[in-house]
Amino acid sequence: NTAGAGGTMGVDFLELGMIIAAAGGDPRLGVCLDTAHLFESGVDLRAPGGMAETLARIDEGCGRERLVALHLNDSKTPLGSNRDRHENIGEGDLGMDGFRTIVNEPAFAGLPGILEVPGFDGEGPDRENLARLRALAGEGAAG
């Protein structure tokens with residue numbers, strides 16, 4: 001999924017489903033959910049019901065079985081900004097509550113997660129970002 005900055009493809013799950021269908025619908029075609037892109041395109045996982053709404057959109061658009069990986073990154077820009085700017089876990093507008101919801105979502109259990117963050121030392125993914133995600137796992141969804 002993309003952040004929705006002008007002229008992009010794959011902004012929402014219906015569009016991703018159409019791309020998969022246009023490519024022949026092979027079962028090997030999958031979707032990587034980028035948490036910052038989702039937030040920047042206007043999906044608020046912090047809000048009550050935000051995750052349920054997101055999963056319903058995935059089911060309707062391309063099918064949950066297509067979800068094969070997660071790009072885990074916070075957003076430097078606000079909800080719906082349509083600007084792709086990644087931030088360290090808990091340091092952006094998605095925040096710790098958003099990631100608590102994400103890492104405790106049963107539909108995501110077993111999916112590989114790839115940290116795509118600037119890093120606290122400015123050199124990319126690091127142990128602190130990973131430690132933050134691990135600390136949130138098992139806490140359950142906020143609010």
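Tabulated results
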{"read-out": "Neighbourhood charge, 11 Å Cβ-Cβ cut-off, centred on G61 and excluding it, Lys, Arg +1 and Asp, Glu -1", "value": "-1"}
{"read-out": "Size of charge dipole - the stretch 6-143 - debye, nearest 20, with Cβ of Lys, Arg +1 and Asp, Glu -1, no other charges", "value": "200"}
{"read-out": "Most mobile of A56, A23, A69 in a GNM of the chain (Cα contacts under 10 Å)", "value": "A23"}
{"read-out": "Rounded Å value of the spacing that divides the Cα centres of the stretch 79-143 and the stretch 36-77", "value": "13"}
{"read-out": "The chain: relative contact order in percent, alpha carbon pairs under 8 Å with at least 6 residues between", "value": "23"}
{"read-out": "Interchain or long-range residues, amide H under 5 Å from I114's placed H", "value": "L70, H71, L72"}
{"read-out": "Cα lying deepest toward the dipole's positive end in the chain, options P125, G50, A21, charges on Cβ", "value": "A21"}
{"read-out": "Long-range amide H partners of V31 with built H, under 5 Å", "value": "L67, V68, A69"}
{"read-out": "Compactness relative to 2.2 N^0.38 Å, alpha carbon Rg of the chain", "value": "1.00"}
{"read-out": "Extension gain from A47 to N82, taking 0.36 nm per residue of separation minus the Cα-Cα distance", "value": "10.8 nm"}
{"read-out": "Rounded to whole Hz, the Karplus (6.51, -1.76, 1.60) HN-Hα couplings of the stretch 33-44, x for glycine and proline", "value": "8, 9, 5, 5, 4, 4, 5, 5, 8, x, 9, 9"}
{"read-out": "Counted charge near A135, where neighbours are those whose Cβ lies closer than 14 Å (Asp, Glu -1; Lys, Arg +1)", "value": "+1"}
{"read-out": "Amide proton proximity set for S75, modelled H, under 5 Å, gap of 5+", "value": "E87, G92, D93, L94, G95"}
{"read-out": "Protein accessible area in the chain, 1.4 Å probe - carbon and sulfur %", "value": "52"}
{"read-out": "Cβ charges +1 (Lys, Arg) and -1 (Asp, Glu), total dipole of the stretch 33-104, debye", "value": "40"}
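The values are calculated or read from the model by the stated rules, or taken from the named source; none is laboratory data. Being a predicted model, the structure only gives us computed values, none of them experimental. Quick reminder, even Gly has a Cβ in these numbers, built from the backbone with ideal geometry, and neighbours come from all protein chains shown. Heads up: the accessible areas ignore ligands, DNA and RNA and are worked out on the full protein's heavy atoms, side chains in. Shrake-Rupley method; radii C 1.70, N 1.55, O 1.52, S 1.80 Å.
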